[in-house]
């Protein structure tokens, strides 16, 4: 449970920031990326754990990359088969899961030294911690930037009527730009450290 709170991969370990910047302008993309990473990390951790006693130390990184690349290709093919438009939207970012330092870090730090069950739990926990931040950032960026959630209108733009503007929420276009992902993550980090003073570094 630690990655969900006080050992979160993004807000505490500061890993996996790139995808949080790139794909969180829409909540749907954030959720799909979170689920994709969850599948890759959970299954990958189990596979690496099962192979831990037969992987030569000198080539362990190569083996880890092959495992994660194979799983990412499977995820990409599934997305193309069942959610093609979303697959095009995520495009290269699904492939970049291969280089996600959270996944490689858990393979190296945990799966290589623990049994498959504990490795599965570790993979699920860390991927869930990563996914929660993606979903929170995606929620606020889409809601305040586009006035929608999952593509459905929630906050109305000002609508031009007979030369006047109807009362309504004016979308903040800045929210859909990548810098806002950093700002939202920064706010989450601030809230987290305000809640738990032990996380504040000296």
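Some points to look at:
- Count - residues of region 105-118 that are closer than 17 Å to residue 9 by Cβ and either buried (at least 18 other Cβ atoms within 10 Å of the Cβ) or within 14 Å of the chain's Cα centre (by Cα) (or both): 4
- Of the residues examined, residue 72 is one that is buried (at least 20 other Cβ atoms within 10 Å of the Cβ), closer than 17 Å to residue 124 by Cα and more than 12 Å from the chain's Cα centre (by Cα).
- Filter result (exposed (fewer than 14 other Cβ atoms within 10 Å of the Cβ) and either within 22 Å of residue 5 (Cβ to Cβ) or modelled with pLDDT of 80 or more (or both)) within region 119-151: 150
- Restricting attention to region 84-138, the residues being under 18 Å from residue 71 (Cα atoms) and not in a helix (DSSP H, G or I) number 2.
- Residue ID - surrounded by the fewest Cβ atoms within 10 Å (Cβ to Cβ), chosen from residues in region 14-34 that are assigned to a loop (DSSP other than H, G, I, E, B) and either in contact with a strand residue (DSSP E or B) (Cβ under 7 Å, 6 or more places away or on another chain) or on the phi < 0 side of the Ramachandran plot (or both): 15
The values are calculated or read from the model by the stated rules, or taken from the named source; none is laboratory data. Note that this is a predicted model, so its numbers are computed, not measured. Glycine also receives a Cβ, built like all others from the backbone with ideal geometry; neighbour counts cover every protein chain displayed.
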